[in-house]
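The values are calculated or read from the model by the stated rules, or taken from the named source; none is laboratory data. All values reported here derive from a predicted model rather than from experimental measurement. Cβ placement follows ideal geometry from the backbone for every residue including glycine, while neighbour counts extend to all protein chains displayed. Ligands, DNA and RNA are excluded from the accessible area calculation, which covers all protein heavy atoms including side chains. Shrake-Rupley method; radii C 1.70, N 1.55, O 1.52, S 1.80 Å.
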Amino acid sequence: MSGLKVLVIGAEFNQGVSKAGKDFAFAVVTYLVPKESHTSDKATFQKCGLEEKSIDMMFDFNVYQEFAAIANKFPCELELQLAPNPKDPMRNAVGGFKVV
């Protein structure tokens, strides 16, 4: 598994039935990254501060419980352990973490 060092602010584990009657199940980790400025031929975007991003988490309640156990420490710097996402092998999903 590879790692991604980030400032984690939360995790979610969601499952149920939508209003339209479709089953859903997903899990995510939310983290903060520095905003990035950029310039194009026609515009300049100056940014500062932090921006919220999210990454899929393995749909495993045990993984979620590991995050829930340290929720009182959020935000905290973690090294997310990444593995191929079973739903989309071209992307990664969080399978665990180490406190940095």
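The table below gives the values:
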| quantity | calculated |
| --- | --- |
| The stretch 8-25 residues that are of a type in the set (D, E), paired with ones that are surrounded by 10 or more Cβ atoms within 10 Å (Cβ to Cβ) and in a strand (DSSP E or B) (beta carbon under 7 Å, 6 or more apart) | E12/A27; E12/V28 |
| Members of the stretch 8-18 found to be open to solvent by less than 60 Å² (accessible area, probe 1.4 Å) and not β-branched (V, I, T), listed by number | G10, A11, F13, N14, G16, S18 |
| The lone exception for V100 - which of (1) over 15 Å from the mean Cα position of the chain (by Cα); (2) exposed (fewer than 13 other Cβ atoms within 10 Å of the Cβ); (3) without any contact (Cβ under 8 Å) to a residue 40 or more places away in the chain it fails | (3) |
| Count - residues of the stretch 44-100 that are of a type in the set (K, R) and touching a helix residue (DSSP H, G or I) at 6+ places or on another chain (Cβ under 8 Å) | 0 |
